[in-house]
Amino acid sequence: MDLETDPKKESKLMQKILMCIRNLKKTEFYHTFLNQIQAPQIKDHFSRVLGSESKMQMVIYGIGSIESYEPPRLQLSLAILIKRKFEWIGDIMIFYLVLATTETRVFEAFGCHVLSVNEHGRRQALKPTIFFMPRCEAVLYDNLL
């Protein structure tokens, strides 16, 4: 989309994400989600999947515009909170077909890596990987599987 970033626009978007993180952290959904992940059987499963690896990467496909819409901001906030809460979550990699430069800079400011190549969901998971795809087209899920 845009090839340049506006520092004011970037700062405003950062503030929106920080607000989403704060608000999401207070929700019943988030606390229920954490309780589910921390349940012994789920923790054991993650531990088995990790094997000898210390970190599990997270790949986010199809997140949408964090600048234009609230749902993508909430989805990013959840990914950031998960990474902050669980030391076994490693790098977060994001791909969305149309990203503004401002959005890319904000993703990077939160420690995410923006993938520049469209993998069409065909990434080979050679290491333990969580695929976070809350709102993708069916073909993307098919390609991943």
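None of the figures in this text is laboratory data; all of them are computed from the coordinates on show. Keep in mind that what you see is a predicted model, and the values were worked out from it rather than measured. Backbone-built Cβ (ideal geometry, glycine too); neighbour counts: all protein chains shown.
Observations on the model:
- Residues of the stretch 80-122 satisfying the condition of being within 16 Å of Thr5 (Cβ to Cβ) and assigned to a loop (DSSP other than H, G, I, E, B): Val98, Leu99, Ala100, Phe110
- Residue within the stretch 106-113 that is crowded, with 17+ Cβ neighbours inside 10 Å and among the acidic types (Asp, Glu) present: no
- Residue under evaluation Val117, criteria (1) β-branched (Val, Ile, Thr); (2) free of Cβ contacts under 8 Å to residues at least 24 places away in the same chain; (3) under 27 Å from Glu28 (Cβ atoms), criterion not met: (3)
- The number of residues in the stretch 53-79 that are in a helix (DSSP H, G or I) and either touching a Phe, Trp or Tyr at 6+ places or on another chain (Cβ under 8 Å) or surrounded by 15 or more Cβ atoms within 10 Å (Cβ to Cβ) (or both) comes to 8.
- In the stretch 1-52, counting only helices (runs of 4 or more DSSP H) that sit wholly within it, the ones holding 1 or more residues that are at negative phi and aromatic (Phe, Trp, Tyr) span 28-37, 40-50.
- Of all residues in the stretch 124-135, those that are over 25 Å from Arg73 (Cα atoms) have Cβ atoms under 7 Å from Cβ atoms of residues that are polar (S, T, N, Q), 6 or more apart or on another chain, in Lys127/Gln57.
- Evaluated against (1) buried (at least 19 other Cβ atoms within 10 Å of the Cβ); (2) without any contact (Cβ under 8 Å) to a residue 24 or more places away in the chain, Ile94 falls short on exactly one condition, (2).
- Counting the residues of the stretch 44-69 that are in contact with a Pro (Cβ under 7 Å, 6 or more places away or on another chain) and under 27 Å from Cys20 (Cα atoms) gives 5.
- Residues (of a type in the set (D, E, K, R), farther than 26 Å from Leu126 by Cα and in contact with a Lys or Arg (Cβ under 8 Å, 6 or more places away or on another chain)) located in the stretch 1-58: Glu10, Lys16
- Scanning the stretch 114-134 for residues that are farther than 23 Å from Ser47 by Cβ, in contact with a Gly (Cβ under 9 Å, 6 or more places away or on another chain) and either loosely packed, with under 12 Cβ neighbours inside 10 Å or of a type in the set (A, V, I, L, M, F, W, C) (or both) yields a count of 1.
- Selection of the stretch 37-52 for residues being of a type outside the set (Lys, Arg) and exposed (fewer than 10 other Cβ atoms within 10 Å of the Cβ) yields Pro40, Gln41, Gly51, Ser52.
- Taken as a whole, the condition of being of a type outside the set (Asp, Glu) and in contact with a strand residue (DSSP E or B) (Cβ under 9 Å, 6 or more places away or on another chain) does not apply to Val98.
- Any chance Leu140 is part of a loop (DSSP other than H, G, I, E, B) and more than 11 Å from the chain's Cα centre (by Cα): no
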